[in-house]
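Structure record follows, encoded as C-alpha cells.
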Amino acid sequence: QVQLVESGGGTVQAGGSLRLSCAASGRVVYGNVMGWYRQAPGQERELVADIMYNGRIAYGDSAKDRFTISRDSAKNTIYLQMDSLRPEDTGVYYCRLKTPWIYWGQGTQVTVSS
C-alpha cells in the first residue's frame with residue numbers, strides 16, 4: 001500500500017509564489033516516477049511536471065520557465081516551486097506516483113487571484 005500526502009496549497013495573488021510538497025510512504029519501489037498534475041473546474045487533469053527516479057524531468061507547457069520540480073529520494077518526497085503564478089494556474093493539484101501502478105494523492109487547492 002502506498003500513501004501520498006500533499007501540502008503547501010493555498011491562495012496567492014497573481015505574480016506570487018507557492019511551494020507544494022508530496023511525501024510518499026509504503027511500498028515505494030525503486031524506478032518510480034513522481035509528479036504533479038492539476039485539474040481546473042470543468043477541465044481534464046493535466047501534467048504540470050514529473051521527475052523520474054534518475055532525475056529526468058518533464059514539464060507541461062503551462063509550467064515551463066515558471067515552475068521547478070525537485071525530489072529528495074531519501075525521503076520519497078517531491079516539491080513543486082511555483083513562481084509568477086497566474087489566475088489560470090488555479091485548480092486542484094494532485095501528486096502522482098507511478099511504480100508502474102499509479103497512485104494519486106488527495107489533492108491540494110491552489111487559487112491565484114487577479
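Worth pointing out:
- Were the residues from Arg66 through Trp101 laid out at 0.36 nm apart, the gain over their Cα-Cα distance would be 9.7 nm.
- When the surface is traced with a 1.4 Å probe over the full set of protein chains, Arg19 keeps roughly 130 Å² accessible.
- Charge tally around Ser17: other residues with Cβ under 10 Å, Lys/Arg +1 each, Asp/Glu -1 each, net +1.
- Taking a Cβ cut-off of under 14 Å around Tyr79, the surrounding Lys, Arg, Asp and Glu residues balance to a net charge of -1, with basic ones at +1 and acidic ones at -1.
- Chain lengthening between Arg86 and Gln1 when straightened (0.36 nm per residue, less Cα-Cα): 27.0 nm
- Full-extension gain in nm, Gln43 to Ser114, via 0.36 nm per residue minus C-alpha separation: 23.6 nm
- Farthest toward the positive end of the dipole of the stretch 1-80, out of Ala23, Ile51, Thr68, is the Cα of Ala23, where the dipole comes from beta carbon charges about the Cα centre.
- Residue-wise HN-Hα couplings along the stretch 64-69, as the Karplus relation 6.51 cos²θ - 1.76 cosθ + 1.60 with θ = phi - 60° gives them from phi, are 4, 6, 10, 10, 9, 9 Hz; Gly and Pro carry x.
- Simple Cβ-charge dipole of the stretch 7-114, Lys/Arg +1 and Asp/Glu -1, about Cα centre, in debye nearest 20: 360 debye
- Once both labels are positioned 7 Å from their Cα atoms along Cα-to-Cβ, the gap between Ile57 and Ser73 label points is 1.6 nm.
- Think of a 1.4 Å ball rolled over the protein heavy atoms: the chain then has 54 Å² of accessible area per residue.
- Solvent-accessible area, 1.4 Å probe, carbon plus sulfur percent, for the chain: 46 percent
- Value of D in µm² per second that Stokes-Einstein yields for the chain, Kirkwood Rh from Cα pairs, at 20 °C (1.002 mPa s): 154 µm²/s
- Note on the chain: antiparallel DSSP beta bridges, both residues inside, total approximately 90 percent of the bridges counted.
The values are calculated or read from the model by the stated rules, or taken from the named source; none is laboratory data. This structure is a prediction, so every number in the text was calculated from the model and none was measured. Backbone-built Cβ (ideal geometry, glycine too); neighbour counts: all protein chains shown. Only protein heavy atoms, including side chains, enter the accessible area calculation; ligands, DNA and RNA are left aside. Shrake-Rupley method; radii C 1.70, N 1.55, O 1.52, S 1.80 Å.
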